[in-house]
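Everything below concerns the one structure shown next.
The values are calculated or read from the model by the stated rules, or taken from the named source; none is laboratory data. All figures in this text were calculated on a predicted structure; none of them were measured in a lab. Reconstructed Cβ throughout: ideal geometry from the backbone, glycine too, with neighbour counts over all protein chains shown. When the accessible area is computed, the model is the full protein with side chains, heavy atoms only, and any ligands, DNA or RNA have been set aside. Shrake-Rupley method; radii C 1.70, N 1.55, O 1.52, S 1.80 Å.
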Amino acid sequence: MQAFTLPDFYVPYPARLNPHVEGARAHSGAWAERMGMLDAPRPGGGVVWDAGALARMDYALMCAYTHPDCDGPTLDLVTDWYVWVFFFDDHFLEHFKHSRDLAGAKAYLDRLELFMTPDGRTPPEPGNAAEAGLRDLWERTVPAMSPGWRRRFVTSTHNLMVESMWELDNIDRGRIANPIEYVQMRRRVGGAPWSANLVEYAVGAELPGRLAATRPVRVLTDTFADAVHLRNDLFSYQREVQEEGENSNAVLVFERFLGCSTQEAADLVNDLLTSRLQQFESTALTEVPALLAEHAAGPEEAAAVAAYVKGLQDWQSGGHEWHARSSRYMNEGMRDDAPAPLRILGGPNGLGTTAARIAAPAAVLSGVPSEGGLGLRRRIRQHSAVPYQPVGHLPLPPLHMPFPIRTSPHLAGARRHAVGWARETGMFDSAPGVEAAGVWDERRFRGFDFPHCAAMIHPDASPEQLDLSSDWLAWGTYGDDYFPLVFGAVRDLAGAKLCNDRLPAFMPLDAGDTPPPANALERGLADLWRRTAGPMSSEARRRFRTAVEDMTSSWLWELANQAHNRVPDPVDYIEMRRRTFGAEMTMSLARLAHFDVLPPEVHHNRIVREMETAAQDYAGFTNDLFSYQKEVEFEGEVHNLVVVVESFLDVDRFTARDIVADLMAARMRQFEHIVATGLPAMFDDLGLDEPVRRILTRHAEGLKSWMSGILEWHRRCARYTEAELRRRRAPGFSPLPAGLGASAARVAAGLTRTRAAAGSP
């Protein structure tokens, strides 16, 4: 009996079958036998796979569905890659997951990586079928691909292999991840980013290197990966959780975190799967064409991106079809043993039509979509937020905070400095297009008390460092308020982009001269960069500027959602919240002082990154709880996790509030777990010397102060009190355009600002 009834899936595009499927079946079976995969022994006797098991799983059928348009030899090679990755997963399970042999698992994975050799290097002789398969595949694949693709593929292959240790450690400890950690880690260990790399190979079009790391392309890959993994978790729950004792499954994660039934958890996972697919479609339709235009992409680059988008869509539909048919999964009631029809791609075909499709709706990219009831309901709910609802004060539940508050002894001096600095930069002056007063006035600024926040998040800072930290907090918050007031009310997205595009000029990587600032935002940034970047190394300077740019560009993302009255997808919101909150920027003020001391592998290590993102989420969600009334009632905002949970789960704000508080507690417990167990294990695994260990330990201690200080600041400052919010709503102030005449006047003001920012007369 199945563990739950499979939900109605959102599958808007028809699956199509590659005509070379039979050839791939014969080839992959022979290849697996030649590599030794069909007689690889299990520790307790027997073999991991035999020919019958491989035939029943039918990876050739999966690849024929997920890559319907490639030729026979390409399908053969892609199928071999999938045979290898599933064999690796099962071989690793049999040898290390059941026995909980952590040391053996690490040695196995370390050696396996040696078979992805750089040019000119000779790999060792294979000692097992997984090594033999990887060596053969690497030699057959990489000659056709660029160095950039190889680097991306090595990273994704490394992640799916090495991060298996995260799953193994959780099994060993009987630990189930929280939902945010799970989605974040599943991308690394689940292998779908690896599949996305193979899509580039299969469609014969690599992503342009200059576009591969941009937000739209990253979101396409991430949403693809999340949808693939969530679908797999629904189909594999019975095998993984009930039969094999695994605990890395989204249904189980939701079941435990929300305290709901297995069926309810499965339905919620399917809702999230639908949301991620629709995020993919929205990005492909709205952000990708704008990206290509912004970067002046040529026809070949546009065609490559279009082929990638279409390849990911084909994979989603084909992967669903295979899950419904494979003996590997729970799919009772979904299987149809009749031969699948060969469906032909809808829309224009032939030379020259592919590039045109990138600007067309997703329906044209991969045939006519069928929205279905679930997809339509999800879209309607996502765009149905009513702005400026009088929600009133949101009483907060107890918030888990295990760390004490420490305060700098230099607070009084920082307070005196901060007011003078804000006045000198013009933050109290009137701003173009903002009716009545400016963005801030001095009384309001004093009530915000950014030096108090800085004194708690950096309690050991010198007086100069504390002044600098206070000023960065003030500048980031001013920009966060400035963009919605100046550009959001009139939906001036072009003016906002021009304003944002000017900001990097005030952060020169050589710490040299900057153009004359045109407003308080530019004036403040120029001064802050001069005081901050001078002592940094060139690489640390580059990373810090990236952190600032990530924050400022996230304000454009917020304005775009606001213009479409779109409540963000939950995963996209959480990941962008780290940027909109400026978490990376404020953390960097402390971390970059030791940037050049830490080995390169530490900066990208999973343990460090998970520790930091757990802290970032705790802080960002703190702000969402305290700012709920301010944002919903007074600003008409949708960028608040309480609002996102209300919309996604269709619950009231009090239920959503409690879920947000539970997420904060879960992220805090994860942070504590990493500090207690993950960091010491990483120290030993990487063989870090004592000075590096001390730096990382101090960094963890600093994050404790960072979180406790941010929570205390929200409790003490006037920014979120109803009295301050009502005082700010002065007579004549209108956050939205009030009538045709007012709208025309504000649009004209926006155009004037845009021309001035661009240097036009």
**Q.** Residue pairs meeting the criteria (Cβ under 8 Å; at least 6 apart or on separate chains; first touching a residue at least 12 places away in the same chain (Cβ under 8 Å) and over 15 Å from residue 381 (Cβ atoms), in segment 622-650; second of a type in the set (Gly, Ala, Ser) and assigned to a loop (DSSP other than H, G, I, E, B))
**A.** 629/392; 633/392; 640/627
**Q.** Which listed residue, of 121, 135, 150, 175, is more than 27 Å from residue 40 (Cβ to Cβ) and either without any contact (Cβ under 8 Å) to a residue 12 or more places away in the chain or buried (at least 18 other Cβ atoms within 10 Å of the Cβ) (or both)
**A.** 150
Q) Give me the pairs: first residue in segment 322-334 and among the small types (Gly, Ala, Ser), second residue at pLDDT below 85 and in a loop (DSSP other than H, G, I, E, B), beta-carbon distance under 7 Å, and six or more apart or on different chains, which are they? A) 324/331; 324/334; 324/335
Q. Does residue 585 count as touching a residue at least 24 places away in the same chain (Cβ under 8 Å), in contact with a helix residue (DSSP H, G or I) (Cβ under 8 Å, 6 or more places away or on another chain) and not in a helix (DSSP H, G or I)?
A. no
Q.
Filter segment 680-698 down to the residues that are touching a helix residue (DSSP H, G or I) at 6+ places or on another chain (Cβ under 6 Å) and within 25 Å of residue 461 (Cα to Cα) and list them by number.
A. 693, 695
Q: Scan (1) open to solvent by 30 Å² or more (accessible area, probe 1.4 Å); (2) not in a loop (DSSP other than H, G, I, E, B) for the single condition residue 160 breaks and write down its number.
A: (1)
**Q.** First in segment 448-466 and at pLDDT below 95, second anywhere and among the acidic types (Asp, Glu), Cβ under 9 Å, 6 or more apart
**A.** 461/467
Q.
Quick check on this structure: which one of 681, 619 is over 22 Å from residue 401 (Cβ atoms), open to solvent by less than 60 Å² (accessible area, probe 1.4 Å) and not hydroxyl-bearing (Ser, Thr, Tyr)?
A. 681
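A quick yes/no check of all residues on (1) under 28 Å from residue 178 (Cβ atoms); (2) out of contact with any Lys or Arg (no Cβ under 7 Å at 6 or more places or on another chain); (3) among the hydroxyl-bearing types (Ser, Thr, Tyr):
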{"site": "550", "(1), (2), (3)": "yes, no, no"}
{"site": "559", "(1), (2), (3)": "no, yes, no"}
{"site": "572", "(1), (2), (3)": "yes, yes, no"}
{"site": "578", "(1), (2), (3)": "yes, yes, no"}
{"site": "582", "(1), (2), (3)": "yes, yes, no"}
{"site": "599", "(1), (2), (3)": "no, yes, no"}
{"site": "613", "(1), (2), (3)": "yes, no, yes"}
Q. Among the residues of segment 532-541, which ones are surrounded by 15 or more Cβ atoms within 10 Å (Cβ to Cβ) and either more than 15 Å from residue 476 (Cβ to Cβ) or touching a Pro at 6+ places or on another chain (Cβ under 9 Å) (or both)?
A. 533, 536, 540, 541
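For every residue, the table says whether it meets (1) at pLDDT below 90; (2) charged (D, E, K, R).
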| residue | (1), (2) |
| --- | --- |
| 368 | yes, no |
| 375 | yes, no |
| 401 | no, no |
| 423 | no, yes |
| 430 | yes, no |
Q. Right, residue 653: more than 24 Å from residue 181 (Cβ to Cβ) and among the basic types (Lys, Arg) or not?
A. yes
Q: Could you list, in sequence order, all residues of segment 112-140 that are farther than 20 Å from residue 152 by Cβ, in a loop (DSSP other than H, G, I, E, B) and among the charged types (D, E, K, R)?
A: 125
(Q) If I ask for residues that are over 27 Å from residue 430 (Cα atoms), without any contact (Cβ under 8 Å) to a residue 40 or more places away in the chain and in a helix (DSSP H, G or I), which ones from segment 521-552 would you list? (A) 533, 538, 541, 542, 546
Q: Please report, ordered by residue number, the helices (runs of 4 or more DSSP H) entirely within segment 1-103 with at least 2 residues that are open to solvent by less than 40 Å² (accessible area, probe 1.4 Å) and farther than 18 Å from residue 321 by Cβ.
A: 21-35, 51-57, 72-92
